[in-house]
Amino acid sequence: MNAQSITNTTNASTNHPADRMSPNESNIQTNANPQLPAALAKALAGRFLVFDGPDGSGKSTQLTMFLNAVRDAGITVEEVREPGGTEIGEKIRDALLEHLDREEMSLRCEMLLYMASRAQLCEQVVAPALSAGKLVVADRFVSSTYAYQGAAGGIPDAEITAAAQIAMQGITPDATLIFDIDQQTAASRLNPLLDRMEAKGAEFHARVRAGYRGLIENDPDAKQYLRVDARGSTGEVFGNIVSVLMDRFVR
């Protein structure tokens, strides 16, 4: 079963680490208050959206802008991050992202820890928020696991899918926005204080980008994985977000 099959066979889902913003990203002005079209704001209520993409894609900046815009539109939103988002998940996050001096974490241990954090998050936060009619916006999800531990790490998609079915308990995003960017631009945006995942090197991150693009290519109707061109200015990229969401939920 490939990564796309999960959306056809079960309402399961999965992830990577949430990034720190680089100095370049954190200095970008995100208080320009971009607005959402009224039709889009109405269509997003009660949805589950994921912002995802390679390290250095500018995802974190756009996530902040988007959350400001949906709140300005009067939408009740639940913001979550992966790994983390709960007390248990934050402890798992610390173990996943810190550099270890004594031993290297095995790839399957890494994948299953992400799944464990996700299971707690979905049961404790995501499911109740969706039941209450809130818009849920996640910083990374199952797409990250397919890209990082799957395409880049080498774990077969079938193993990731099987673990996701257990962890997600029938929850799946309505859409995952994947921020697509070239390697040189992404590398220039990375925080010099790299976490364990960011510090894996250029070859690893090239495989990650290929993994994300594979998700997009295996979803030609753009129902689950939506490509966002992340190469322009912050305003241009935000416009790209609005465009793909309008195509998915309104047009």
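The values are calculated or read from the model by the stated rules, or taken from the named source; none is laboratory data. The shown structure was predicted, so the numbers you read here are calculated from the model rather than taken from an experiment. Neighbour counts run over all protein chains shown; Cβ positions are idealised from the backbone, glycine included.
Here are the numbers for the structure shown:
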| quantity | calculated |
| --- | --- |
| Output for segment 118-155, where each listed residue is under 20 Å from Ser57 (Cα atoms) and of a type in the set (S, T, N, Q) | Ser143, Ser144, Thr145, Gln149 |
| Segment 190-233, subset among the polar types (S, T, N, Q) and either modelled with pLDDT of 90 or more or out of contact with any Lys or Arg (no Cβ under 6 Å at 6 or more places or on another chain) (or both), residue farthest from Thr172 (Cα to Cα) | Ser233 |
| Contacts under 8 angstrom Cβ, first residue in segment 97-119 being over 18 Å from Ser144 (Cβ atoms) and at pLDDT below 85, partner among the hydrophobic types (A, V, I, L, M, F, W, C) and assigned to a helix (DSSP H, G or I), 6 or more apart | His99/Ala199 |
| Search result, residues across segment 97-152 that are in a loop (DSSP other than H, G, I, E, B) and among the small types (Gly, Ala, Ser) | Ser106, Ala132, Gly133 |
| Selection count, segment 145-156, where residues are in contact with a Gly (Cβ under 9 Å, 6 or more places away or on another chain) and either crowded, with 21+ Cβ neighbours inside 10 Å or of a type in the set (A, V, I, L, M) (or both) | 6 |
| Residues satisfying the stated conditions in segment 64-88, i.e. under 22 Å from Ala132 (Cα atoms), of a type outside the set (Val, Ile, Thr) and either without any contact (Cβ under 8 Å) to a residue 12 or more places away in the chain or in a helix (DSSP H, G or I) (or both) | Phe66, Leu67, Asn68, Ala69, Arg71, Asp72, Glu87 |
